[in-house]
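Everything below concerns the one structure shown next.
Please treat every number below as a calculation from the coordinates, not as lab data. Please read these numbers as outputs of a predicted model, since none were measured by experiment. Positions of Cβ are backbone-derived with ideal geometry, glycine not excepted, and every protein chain shown enters the neighbour counts.
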Amino acid sequence: MSAFPGCFAARRSIPKLNKEGLYTVMIQQDKFEEEEQVTKAEGNEIQQRMSACPAETAFRPLTRVERRNLWLEEYGGQDVALQMWVQLVEQQNLEITMMLQMHGLLVFGVMVSMSSYIQFYVGLNEELHRESEPETADMLNSYYYALLPPCGQPEIGPAGLPIIQSYIHLRDVTILSAGHKIRVPFWRGKISEVEAFVMGATASD
């Protein structure tokens with residue numbers, strides 16, 4: 001069906017018109033149909049171009065302002081003091097006893113570097129899977145090694161913003177929740193979820 005209602009009216013009026021009028025109506029009808037076909041062809045061509053090249057408009061580099069806003073959204077609410085201690089542990093491979101409070105939980109343990117956390121689980125995977133399932137051991141180890149930051153990572157990122165630690169790692173962990181006590185060898189949590197921390201506190205205190 002045509003998108004132009006005039007075409008139907010002209011088609012119903014053809015028998016009542018003379019030769020000159022019949023010629024004129026047929027020309028108008030053909031013109032409308034031709035314009036309609038051209039419009040559909042142009043629309044199809046535009047859709048093909050958009051589907052063939054979606055990446056041209058879907059992705060673009062972030063601006064400096066956008067990078068800054070994302071950085072503030074991710075790290076703006078973090079405790080600066082806790083971030084300082086985490087960075088100190090990472091840089092000097094220290095171990096510090098502390099308690100973390102988050103979401104109603106009390107988490108006691110010794111803060112260690114990310115590399116210590118990874119070494120523990122890599123060793124555990126080797127012990128559990130290397131002989132019987134070597135492919136599983138390789139897969140799990142590759143996951144933990146991917147957590148390590150690149151060697152020689154600068155303190156300031158490419159957008160001019162500081163490189164901030166996102167996770168904190170503890171060993172010999174005791175978790176207290178509503179009177180229940182859970183002990184785990186190692187623990188990893190998001191720094192942005194920590195509500196409070198106490199240096200030197202232990203679960204036996």
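Set the Förster distance to 41 Å, then compute FRET efficiency between GLU73 and HIS180 from the Cβ-Cβ distance, nearest 0.05.
The value I calculate is 0.75.
Can you give me the distance in nm between label points at PHE59 and GLU155, each placed 7 Å from the Cα along the Cα-to-Cβ direction?
Placing both labels 7 Å along Cα→Cβ, they lie 3.3 nm apart.
Run the numbers for GLU95 and SER115: contour at 0.36 nm per residue of separation, minus the present Cα-Cα distance, in nm.
Contour length minus Cα-Cα distance gives 6.0 nm.
Can you tally the net charge around GLU127? Count Lys and Arg as +1, Asp and Glu as -1, for every other residue whose Cβ sits under 15 Å from the Cβ of GLU127.
-3
Starting at the first residue of the stretch 103-112, write each ³J(HN,Hα) from the Karplus equation 6.51 cos²θ - 1.76 cosθ + 1.60 with θ = phi - 60°, in whole Hz, x for Gly and Pro.
6, x, 9, 10, 10, 9, x, 10, 6, 10
Quick one: Cα centre-to-centre distance for the stretch 81-138 and the stretch 173-205, in angstrom?
Their Cα centres are 13 Å away from one another.
For the stretch 119-203, state which GluC sites (Glu not before Pro) are in a DSSP loop and have at most 13 other beta carbons lying within 10 Å of their beta carbon.
GLU131, GLU155, GLU195
Using a Förster radius of 25 Å, what is the FRET efficiency between GLU193 and GLU127 based on their Cβ-Cβ separation? Nearest 0.05, please.
Working: r = 31 Å, r/R0 = 1.23.
It comes out at approximately 0.25.
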